[in-house]
Each structure stands twice: as structure tokens, then as C-alpha cells.
Amino acid sequence: MAKKYIDIMDTTFRDGFQSVFGGRVLMEDFFPAVEAAKEAGITHFEFGGGARFQSLFFYLNENAFDMMDRFRSIVGSDANLQTLARGVNTVMLDTGSRELVDLHAKMFKKHGTTTIRNFDALNDVENLKYSGERIVHHGLKHEVVVTMMDLPPGCVGAHDVAFYEKTLREILDSGIPYSSICFKDASGTSSPQKVYETIQMARRLVPDGTHLRLHTHETAGVSVGCYLAALEAGVDGIDLAAAPVSGGTSQPDILTMLHAVKGKNFDLGGLELEKILKYEDVLQDCLKDYFMPPEATQVSPLIPFSPMPGGALTANTQMMRDNNILDRYPEVIRAMREVVEKGGFGTSVTPVSQFYFQQALNNALMGPWKKIAPGYGRMVLGYFGKTPVAPDAEIIRISAEQLGLEPTSEKAIDLADKDKTKSIAFWTKRLEDEGIAVNDENIFIAASCDEKGITFLKGGAELNVRKNIPNAVVPAGHAPQPIKTEGKQSMNNATGNYTVVVDGQKYNVQIAAGNVDVQVVPHVATASEARDELPVQEGAEVRAMLPGSVFKILAEAGTLVNEGDKIMILESMKMEIDIVAPCNGVVQSVLVRPNDKVIEGQALAIIG
């Protein structure tokens, strides 16, 4: 009897890059591996969307639409190129209006996408209706998603088979058009038995011939077991990645899974070991200069207690490295458990995973619930849709008080439609005001990336990638010249963090076990350096609550302010942090400029 054919989607170039490098891989570096994957017989790729949309504009000074076009040209017209979308959030961290949801589908179809996998982190089916309709309207295949994870021990009320059956029935009853259904576990915390029972349940409910898929991560160490369980239960497709961006926080390796099904009645995409070996050799060479965070290669048995998805884990640890607070990471992860328990059990996948992390970070650094992260607060108040269970009543009260918002049961997309800053007209005018060409692509870039999108379109974006060798070649026009360390033989056996100066610019350098990791980011001053460099002035000091960078200055020197008025906004760990006046007075001086890096406790302004 012929083996059952299982469709394999290669996630290397989207989820793999996101899970290991925080999405920060330059297109010229990885395109040879795409060609090698094609030669190996792979025809189904995840090639964009999710965090790999914004990260190109934020960190790589590359246009995601250009990357998608070039990817399509390499693999040819017949390949199934898939992207990831977050329901009414599409590829944004905030909800989009109907105009922007439609524009997302239109632009992704134009730039080579075949299929959009579409999920809602809250499993609120209302958030999938319009987005799914527009995906199909623009001629794309719609893969609708049920998101999965395990709850921390002792928690009940969601994320069991009965909950997934309820969600799936709502999808089927809603009339949302779809071509396939995916069960997506971004944190990799679901047990193999739960996966088996969930897929069996789905197979009984859906019409004959429905394509069912499972997506998971190796983060908790059970991904291969979950895939084997799903295959036995009747799944039709699974997602795999290629080394070096497989395993650990990413998907299982293609070679690992080929080995795992030896002797079983499954044909994984017709793939052959020797051809995949050649592909992985090319990929290894393409990525050999990139810094591999140690946590990206590990699995953690503690993840089910504080479910942090692989795609967000390394992105967050890398941001903590940038801000010199990586030593606080274990504390933040421990704080996540309470944040998940009290937040309504939304699935730990973007954007909810980021909300969880941001709130856990605040709880760890500032004290439990002293500062509500805006995304987390708006989630528990209902602004992203209905959470699987009601959030903790006290957290709802604190969030409403701190954010100045009332709880809502209004649909997220209806709320977005009322927000003029989420309209095409608003962003068209913004582009015109900035002297930027007005077209659909630029409107969507600006709307989805906000100020960073405008900065990119004006040619002011900076490169922030991490490479292991000090003289790694960075494409012209992307970033400052690479740091040269030839002749510094005394550093061969050094370890630790260093600051080097190139043409007057300070850079952070991390050396571990003799390997130099040059992070092409501006040096962040130590607390003593910051104090030494600040002018001595009288008046009330306004200080940074968290390390980060200056996003906007709202009150210049000479401005009259009242206690509680916003005077500037910091960006820290994907959060916008309002800096407010501690008293009534006049802003005597502003001690920072936009885009400056600041440390916790650094003086930002003087009010007298």
C-alpha cells in the first residue's frame, strides 16, 4: 500500500529566522539557500508575514515586498508561498481597520503570496471573519487557524480538547471561507496526547477531504512526539525547518523528522535525505557569520509553566541584550506565569505573547502590577477581542485606571474603523506631508510600521544585525562600516562585554569562548558614564523607568507643563513608555534627542 503523502512546509525563511535570529537575516545572505531548497525538491515555503514583515523595516533596512518578489522569482510560479497573518492585526501589533485588513491581502497577493495562514491569538472567531473573507476575495488560499498551548499547572477553563472543539465549531458555523485548517502551537507546550485527541476531534468534524495541519516548536522538547501523534491521528501537513535554524526554539529539523517516520506509513513531501543534506550545507554556509543566541539552541522543560513561544523568545532576549538587562530574563519568565493566569488565557503567540512578556517585564522591573503594559491592559479590557475566559477582575480595574479606558465588548475591527489614524486617508496625507511617494505599498508600510515605516521610506533606517566575525561584510547602504579588529591578537582568548570605537562611534562587542560577536548597534552608556556626561542642573529630574531609546520629544525646553503631562515617549522592548512630568513647572532642558539610547534611571529632562 502506498504511503500517505504528508505536505511539508519549510518554515526556515520565516519562522526559523524569527525563532533563532529575531527575524534579522539579510536577503542577500540567505537567497542562495532558497535556491538550494528548490533544488532539494521543496515546493512549499513560509516566506514572509508575521514578525518577518516589520523586522525588515525595523532592523534590516530592507523592503519586505521587495524580498517577497525576489523570493518568488527564485522558486518559480508553481511554489506554494505562504505568509502568516494575525486576523484583524494582519502583520501589525495593533488592530487594523477594514481598509487596512483589505490592503494587507491585496498587497500580499500582488507580491507573490499563494496562501495566508490566518490566526487570532484569543481564538475570537469574530477577528477571523473579515480578514478571511478579504484573503479569499483577493485570490489567495486561506488557512484558518485554531491556536494552541498548555496552561500553567492548576489552570483550567481553556486550551483543552473541548475548548478547541468549541472554537473549530464556531469557525465552521461562521461560514468563513477556507482552503485548509491549521492547529498552531507557537510555544510548543501542548502534549502529544492532547494533540492526538484534538486532530482526531477535528477529523470527525470537518468535511471529508479537508486539509488539516499542525504547527509546533521544539521549545518544550516534545515537538517530534506531537508531530508523530498528529500523523497517527490523521493530519495532512506539518511544518519543518532546516539546520541551523531548526530545533531549539524553532521547528524540528527536516532530517530529524525524516528519521522519526522511518518504518511508518508516511511520505514526508517526497523529500530525500541526501538532497536535504546538500540544502542544509548551503544554509549553514549562508548563516555562518550570524550570532546564534545560546537560548535558540535549547529546549526548556519550564516553558509550559510560563509559555513563551519560540518565535518571541529569542527576539525578546536579543532586545534584553541590546538594553543590557539580559540578567533579568529568568525573573521575567517566572513573572509570566501570573501574567498568563490573570490575563484571560489568550494563546501565547504574537501579539498576545508580546503583551505577556511586556507585562512580565514590567512586573519584574517595577513591581507586580505597578505599571500596566498598554497592550496587555487593552487586551484584558477587551480592545483586541474576547479572551477565552474572563481576565482577573482586579487586573481589569487596575488596567482601566492606569490606561484611562473603560472595558469594552465592541468588536475590535469596529473600534479600529472609528480610529482615524487607521485609515488610508490618514496615512496618505502623512506620506504627502513627508514628501514620500503615495502608493499602496508605502501606505501599508507606513500604517503597519508607524514612525519606523516613515523613517525607512525617508531613507533613515539603520541596520541592527548580529554577526560573529568582526569583519563580516554588510551590504552597502545598510549600515555603518563593519568593525575591524585585525591586529588585536590579545583578544583571542578574551571573554566578556567590550566597547570599541570606530571613527568616533561606540559599539558594543560581546566575546564568548574566543568568538567575537559584533553587534552593529550604538553603544549604550553605563550608569556611571551617563552620570559623568550629563550637565549639572537644578530642578526636578525626569528619569527613564526602563532602558530603551527616545521615540518622541513632546515638550521642548521652555514648555509649561503640569504634573502628569507627557513630555516624551521612550521605546523599550517593543513598548512605548510615556514619560510624564513629576511636577508643575517649565521644562528647563531636554537632555536627550530622538533615537538616543538611554539606561534605567538616566535623567532625560529637567523641570523647574
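The values are calculated or read from the model by the stated rules, or taken from the named source; none is laboratory data. Quantities reported herein were computed from a predicted structural model and do not represent experimental measurements. For neighbour counting, all protein chains shown are included, and Cβ atoms are generated from backbone atoms with ideal geometry for every residue, glycine included. Note: areas computed on protein heavy atoms with side chains; ligands, DNA, RNA excluded. Shrake-Rupley method; radii C 1.70, N 1.55, O 1.52, S 1.80 Å.
Data for the structure
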item	result
Qualifying chymotrypsin sites (Phe, Trp or Tyr not before Pro) in segment 248-333, DSSP loop, other Cβ atoms within 10 Å at most 16	none
Overall dimensions of segment 279-385 by Cα: Rg and Dmax, Å	15.5, 50
Solvent-accessible heavy-atom area per residue, rounded to whole Å², over segment 376-432 at 1.4 Å	52
Stretchable slack from residue 297 to residue 284, in nm (0.36 nm times residue separation minus alpha-carbon distance)	3.2 nm
Solvent-accessible surface ranking, highest first, for 78, 94 at 1.4 angstrom	78, 94
Charged-residue dipole, Cβ positions (Lys, Arg, Asp, Glu), segment 232-300 about Cα centre, Debye nearest 20	120
Once the Cα gyration tensor of the chain is diagonalised, semi-axes √(5λ) in Å	38, 29, 23
Placed amide H near residue 250: partners under 5 Å, 5+ positions off or other chain	218
Given charges at beta-carbon only (K, R positive; D, E negative), |dipole| of the chain in Debye	500
Span from the segment 26-57 Cα centroid across to the segment 315-375 one, whole angstrom	30
Trypsin sites (Lys or Arg not before Pro) within segment 247-305, DSSP loop, no more than 14 other Cβ atoms inside 10 Å	262, 264, 288
Amide H contacts under 5 Å for residue 182, placed H, 5+ residues apart	144, 145, 146, 213
Amide H within-cut-off set for residue 543, under 5 Å, with H built and near neighbours excluded	604
Gained length - residue 468 relative to residue 70, 0.36 nm times residue gap less alpha-carbon distance	140.6 nm
15 Å reach of a label modelled at residue 38, 7 Å along Cα-to-Cβ, counting backbone N of segment 55-90	67-82
Furthest towards positive pole of dipole, 175, 103, 149, structure part segment 100-192, Cβ charges	103
Efficiency of FRET between residue 327 and residue 596 - r from beta-carbon atoms, R0 30 angstrom, step 0.05	0.85
Calculated P(r) of segment 114-268 - Cα pairs past 24 Å, %	32
Share of carbon and sulfur in the accessible heavy-atom surface of segment 271-335 [1.4 Å probe, %]	58
Theoretical FRET efficiency, 1/(1+(r/R0)^6), r = Cβ-Cβ of residue 414 and residue 5, R0 35 Å, to 0.05	0.25
Length released on extending from residue 160 to residue 203, taking residue separation times 0.36 nm less the Cα-Cα span	13.8 nm
Model label zone, residue 267; criterion: amide N under 17 Å from point 7 Å along Cα-to-beta-carbon; scope segment 14-44	41-44
Simple spin-label estimate for residue 78 and residue 543 in nanometres, 7 Å along Cα-Cβ	6.5
Area accessible to solvent at residue 191, 1.4 Å probe radius, in Å²	40
Hull volume in cubic angstrom per residue (convex hull over the Cα atoms of segment 357-432)	120
Tail beyond 14 Å, pair distance distribution of segment 124-165 (Cα, percent)	59
